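Novice: One structure, pasted below without further comment.
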Amino acid sequence: MNARSDIERAVRAAAPHALVEVVRSALATAYDARSVQVLLADYSMTVLKPVCPAPGHDRTLSMNNSPQGRTFGSQRPHEEPAGEGDQVDHHLPVTVRGERLGVLSVRLPAATSTPQTADDLAHVADLLGHEIIVAERNTDLYQRARRVTRLTLAAEMQWQLLPARAFSAAEYAVGAQLEPAYAIHGDNFDWAADGDQLTVSVTNGMGEGIQASLLTNLAVNALRNARRAGIGIADQAALADQALYDQHRGSAHVSTLLLRFDLATGTVGAVDAGSPQLWRLRGRTVARVELEAQLPLGMFEESQYVVQDLRVLPGDRLLLVSDGVYDTVSPRGEEYGERGLARVILATRLLPAASVPGAVLRELADYRDADTLDDALVVCIDWFGRQGSEG
């Protein structure tokens, strides 16, 4: 059995908390690896933190000025001379279906640093990403490693509710980010994909802290419950609306934007029930997509919702943003608004979908020049379309 198969068998048999140590031992045996580090992106996507650090390798690394950070950003393997003597560092992205988890860094003797070995390491990085996702069901190790400070209880609840922060398929790529990452409360995004459709939702529960998080949790789970029953997005909204009204009798509500993409045609059904906005970049033209405004979920009993249809074309980019983005004001009291959004959407047009939300929120933080008091959420959807389809 070859080295790749031996490593794969060992990693798949590893205890959830022992993945890094098993990979470290397996790479040392197979390729004489001198050091092995697994670094995960923190919740704010600004630094990489080591998991089970080896002695002398426990530093938190910046995304912006480290080789590992550049590997994470570019999503391409990177090699460089390292240490004393004839050694090479290999940095490889750890990514699962578009979700960027972190970086695997391996130091090898130059003699074993061959193209075949580099290919084997890429395979190990891919395997490790999938195993970390599975292992998180049974250990807190990897979630602890992602934290540079403690999450608020509301933020803990929100992050547990979220799907991955990025996902890609042949027809589309999706990326999302929330800020303040360690103190988020009411904003949320969700998506679900199958062979024919992609459903994306953005929700914003009114209020602050745990109350906002509890409200959003109820709304998101009500939407998921209806979606998983095979119900269309108008009825998803109506059932979630009723669940919220039954619980709060109109005293609390949730703003929601629901989109359902037909992957074969590029037709998009939309339900706009509140404050999130939809923007489109087509070529070099940025415009807000005006949708029929409907009532937020839970405001009144038995509200009815209507689907509005629109069309996306291959090459289109859609951004869903919460009011914490477009209502942001500068220290001088100037609203970020439509002008600021149009500018940053155009400025980030060359970035992949997974990188866009973070770039927009960093630009927003610079504009605000202060810690935000409100949640800010950005979801980016790049539409490629299905080859041979009309969309």
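Novice: Can you tell me which residue is modelled with the lowest pLDDT among those in region 269-309 that are more than 21 Å from TYR326 (Cβ to Cβ) and open to solvent by less than 50 Å² (accessible area, probe 1.4 Å)?
Specialist: SER303
Novice: Restricting to region 134-148, and then to whatever is in a loop (DSSP other than H, G, I, E, B) and over 16 Å from ASP58 (Cα atoms), can you tell me which residue is most open to solvent (accessible area, probe 1.4 Å)?
Specialist: By that ranking, first place goes to ARG137.
Novice: Could you please give the count of residues in region 28-50 that are among the aliphatic types (A, V, I, L, M) and more than 23 Å from GLY358 (Cα to Cα)?
Specialist: 4
Novice: Taking the stated definitions as given, is ALA166 among the small types (Gly, Ala, Ser), modelled with pLDDT under 95 and within 17 Å of the chain's Cα centre (by Cα)? Reasoning before the result, please.
Specialist: Working: among the small types (Gly, Ala, Ser): yes; modelled with pLDDT under 95: no; within 17 Å of the chain's Cα centre (by Cα): yes.
No; evaluated as a whole, the condition is false for this residue.
Novice: Exactly one condition in (1) out of contact with any His (no Cβ under 7 Å at 6 or more places or on another chain); (2) crowded, with 17+ Cβ neighbours inside 10 Å is not met by GLY230; state its number.
Specialist: (2)
Novice: Here is a list: PRO296, PRO331, PRO276. Which entry is within 22 Å of the chain's Cα centre (by Cα) and not aromatic (Phe, Trp, Tyr)?
Specialist: PRO276
Novice: Does at least one position in region 315-332 carry a residue that is at pLDDT 95 or above and either at positive phi or open to solvent by 70 Å² or more (accessible area, probe 1.4 Å) (or both)?
Specialist: Looking through region 315-332, at least one residue is at pLDDT 95 or above and either at positive phi or open to solvent by 70 Å² or more (accessible area, probe 1.4 Å) (or both).
The values are calculated or read from the model by the stated rules, or taken from the named source; none is laboratory data. Since we're looking at a predicted model, the values are computed, not measured. A quick note on method: Cβ atoms are made from the backbone with ideal geometry, for glycine too, and the neighbour counts reach across all protein chains shown. Just the protein is used for accessible areas: all its heavy atoms, side chains included, with ligands, DNA and RNA removed. Shrake-Rupley method; radii C 1.70, N 1.55, O 1.52, S 1.80 Å.
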